[in-house]
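One structure is given below, encoded as structure tokens.
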Amino acid sequence: MLYKNFISFDNNIDVRESLFSGQSFLWNTLDYNGSYYASILGGVIILIRQVSCREIEVIASDNLINGYVINDFISQYFSIDVDIKSSLTDCIEYRYTGLWSVLQGYFSIKVLRQNPYETLITFMCAQGIGMHLIRRQVSILTHIYGEKKSITLFGKEIILHSFPTPERLSSVDPLVLSACTNNNRIRATNIVLAAQAVADGKIDLQALANPAIPLAELRNTLCRNRGIGYKIADCIALFGLGRFDAFPIDTHVQQYLATWFNSTTALRPLTPARYLLLDAEARTFLNPELAGYAGHILFHCWRKEVKKLRSF
DNA sequence: CTCCAGGTGGCGA
DNA sequence: TCGCCACATGGA
């Protein structure tokens, strides 16, 4: 049994750019009458098609996800409650007019509220390698350790693999898991340890989802785990814990801070101390409460417009 | 061949 | 605290 819904939004939403801008590595593209994007959310198979700039079609294998009806869950997933323009201060509109005009095409990208555990593991796989490779590694991970699920759509069987549970990853030999971490055994070991910590409750992601926790404290807590530094911690916070104030700084962010915002700090190698400096700098021209939201828009814009990179 | 890709941690000064 | 290096592979 499939449940089919249409969801309308008050503002433009770009589903493809949102799902494939490098915040999730768990979506597939299927081509039928137009493109369907497929994944598994909370154990439920979800297919999404963009109908118009403000409407999407959702096909789901269940009418409830984590206790929410589909429309409510998807609206929350795409953070339609957030006004992107409020993440950027007026300073950008008036002082960086060229950038402001290019950014117009990126305001329909939404930052996703994803599963914290899945975000934690996928971003631990994403260190110092290209997005194409990250996507492939995560795909291998789900194929080997995930659960196979399928539905039939338009008379054709669609096969997907769920994300492996913490318990499943806990028992994997790091040497074997390294097939999913670019053969890097250290990272594979760290991922197994993190999965164990989640399974044991030593990493309590539900508790960390409390928005009252100060960002620095959240980051430091996550960083106590091997393989998680400031950047990965901020990614987990931003994409997995709905902390849109978290501002992950990677090689691309460093580049646009230097080029677009004339940061001299960003010209030098990124040490932990400079990471915190850049974080503070960025909050002077971004809305601190939505710094990471703005950062993701800028990040994607930089990669596409300047670096001419593809995210998939 | 060289350089870079959504980094982290260990080391010596 | 800072600079340098290993980790590992693939694509431009």
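Kindly evaluate A:Thr97 against the criterion of being open to solvent by 10 Å² or more (accessible area, probe 1.4 Å) and touching a strand residue (DSSP E or B) at 6+ places or on another chain (Cβ under 8 Å).
no
In the range A:2-44, how many residues are in contact (Cβ under 8 Å) with a residue 40 or more places away in the chain and either of a type outside the set (Ser, Thr, Tyr) or not in a strand (DSSP E or B) (or both)?
29
Taking the range A:285-310, which residues are assigned to a loop (DSSP other than H, G, I, E, B) and closer than 25 Å to A:Ser86 by Cβ?
Within the range A:285-310, just A:Asn287 meets the criteria.
Provide a single number: the residues in the range A:185-197 that are more than 15 Å from DNA strand C (Cβ to nearest atom) and open to solvent by less than 50 Å² (accessible area, probe 1.4 Å).
Final tally of qualifying residues: 3.
Considering each residue of the range A:225-238, count those that are away from DNA strand C (no atom under 16 Å from the Cβ) and open to solvent by 10 Å² or more (accessible area, probe 1.4 Å), and give that number.
So the count comes out to 1.
Given A:Asp200, A:Asp204, which one is without any contact (Cβ under 8 Å) to a residue 40 or more places away in the chain, surrounded by fewer than 18 Cβ atoms within 10 Å (Cβ to Cβ), closer than 18 Å to A:Phe123 by Cα and away from DNA strand C (no atom under 16 Å from the Cβ)?
A:Asp204
Which of the residues spanning the range A:96-119 are aromatic (Phe, Trp, Tyr), modelled with pLDDT of 95 or more and in a loop (DSSP other than H, G, I, E, B)?
Once the filter is applied, which keeps residues that are aromatic (Phe, Trp, Tyr), modelled with pLDDT of 95 or more and in a loop (DSSP other than H, G, I, E, B), the range A:96-119 yields only A:Phe107.
Looking only at the range A:285-301, which residues are buried (at least 21 other Cβ atoms within 10 Å of the Cβ) and over 16 Å from the mean Cα position of the chain (by Cα)?
Within the range A:285-301, just A:Leu286 meets the criteria.
For the range A:45-75, what are the residues that are crowded, with 18+ Cβ neighbours inside 10 Å and in a loop (DSSP other than H, G, I, E, B)?
Within the range A:45-75, A:Ser61 is the sole residue that qualifies.
Would you mind finding the one in A:Phe78, A:Phe107 that is aromatic (Phe, Trp, Tyr) and open to solvent by 20 Å² or more (accessible area, probe 1.4 Å)?
A:Phe107
Within the range A:120-127, does at least one residue satisfy the condition of being part of a loop (DSSP other than H, G, I, E, B) and not hydrophobic (A, V, I, L, M, F, W, C)?
The answer is yes; a qualifying residue exists.
Condition first: outside the structural domain of A:Lys307 (by TED's automatic domain parsing), touching a residue at least 24 places away in the same chain (Cβ under 8 Å), more than 13 Å from DNA strand B (Cβ to nearest atom) and of a type in the set (A, V, I, L, M). Can you find one or more residues in the range A:228-235 that meet it?
Within the range A:228-235, none of the residues are outside the structural domain of A:Lys307 (by TED's automatic domain parsing), touching a residue at least 24 places away in the same chain (Cβ under 8 Å), more than 13 Å from DNA strand B (Cβ to nearest atom) and of a type in the set (A, V, I, L, M).
Looking at the range A:1-16 only, could you name the residues that are of a type in the set (A, V, I, L, M, F, W, C) and under 12 Å from A:Ile74 (Cα atoms)?
A:Phe6, A:Ile7, A:Phe9, A:Val15
For residues that are within 11 Å of DNA strand B (Cβ to nearest atom) and not in a helix (DSSP H, G or I), scanning just the range A:261-284, find the one that is surrounded by the most Cβ atoms within 10 Å (Cβ to Cβ).
A:Leu270
Looking only at the range A:283-312, filter to residues that are free of Cβ contacts under 8 Å to residues at least 60 places away in the same chain and touching a helix residue (DSSP H, G or I) at 6+ places or on another chain (Cβ under 6 Å); which one of those is nearest to A:Leu103 (Cα to Cα)?
A:Trp302
The values are calculated or read from the model by the stated rules, or taken from the named source; none is laboratory data. Keep in mind that this is a model prediction, so the values were computed, not measured. Quick reminder, even Gly has a Cβ in these numbers, built from the backbone with ideal geometry, and neighbours come from all protein chains shown. When the accessible area is computed, the model is the full protein with side chains, heavy atoms only, and any ligands, DNA or RNA have been set aside. Shrake-Rupley method; radii C 1.70, N 1.55, O 1.52, S 1.80 Å.
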